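The values are calculated or read from the model by the stated rules, or taken from the named source; none is laboratory data. Just so it is clear, the model here is predicted, and its values are computed rather than measured. Note: ideal-geometry Cβ built from the backbone for every residue, glycine included; neighbour counts use all protein chains shown. Areas reflect the complete protein model, heavy atoms only, side chains present, ligands, DNA and RNA absent. Shrake-Rupley method; radii C 1.70, N 1.55, O 1.52, S 1.80 Å.
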Amino acid sequence: MADKAPFSGLFSWRSLSVRLIALVCLALLAGCSTSPAVRALIDAGGLLRSGGQPVAEARLDPRFAYLRFERGKRVVWLALGYIDPHPDGAVEVWYSSAGEVLRLQDGRVVGSTGGQTDWLVVAFEGRPAWDRVETPTSFVRIRDVQPGYRLGLRETLVLRRIAVPAGTRLQGLPAEALAWFEERAEGSGLPPSRYGVHFSPDGPRVIYGEHCLSADLCFSWQRWSATAGGVL
């Protein structure tokens, strides 16, 4: 049996042309032929063994940062390729070994490439800092979505702090160690996002997130250390 792509069943390719576009985007974003993180994933033979079973955590190269990405019963690791400077905050660009890209800014999804549903470009207006959210706070998200070339979708987000939730997929760390937030997109039909944030003297840092790109494509992610048993 041929090896399955890491996001097979998570982000399924719609066509060969979409895959080629995704790979071109990946190359333009970070020079995938030269990125050490991408090379490490390829040299390791991919993040999934034949049959779709994840490789052991011990095989992750400790030189790089990872996300533990989970949807349903499937778990894969994404490697941090590089950090893209941005006026509204640095954007982390994460890769699978099959060429999918996930872009995060302050813990929020601001781009994805290679999926059945992709958010091509995401921007915010009036986005609050995590440590300034004391009461429900509204701001605006604008996004471009594929398929369908739905451009400039504008929606109001309501962010509020919540009690420690049950049923998260957080691993290796008690949920009580983080501050928790829920973010709803009014009128979008999308389930709410949830975030687990660690507050430190260096400022807030999102450690864990749950997000949906569409009503039926939801996942969780967690920052993951290859040398500390997953705990950051």
Notebook entry, point to check: Restricting attention to the range 96-193, which GluC sites (Glu not before Pro) occupy a DSSP loop and are surrounded by at most 12 other Cβ atoms within 10 Å?
Noted result: Glu134, Glu186
Check: How much of Phe199 can a 1.4 Å solvent probe reach, expressed as accessible area in Å² and rounded to 10?
Finding: 80 Å²
Margin query: For a quick check of your reading of the filter: which trypsin sites (Lys or Arg not before Pro) in the range 165-210 sit in a DSSP loop and have no more than 16 other Cβ atoms within 10 Å?
Written below: Arg169
Check: Taking a 1.4 Å probe, which of Leu153, Leu170 shows the most accessible area, and what order do the others take after it?
Finding: Leu153, Leu170
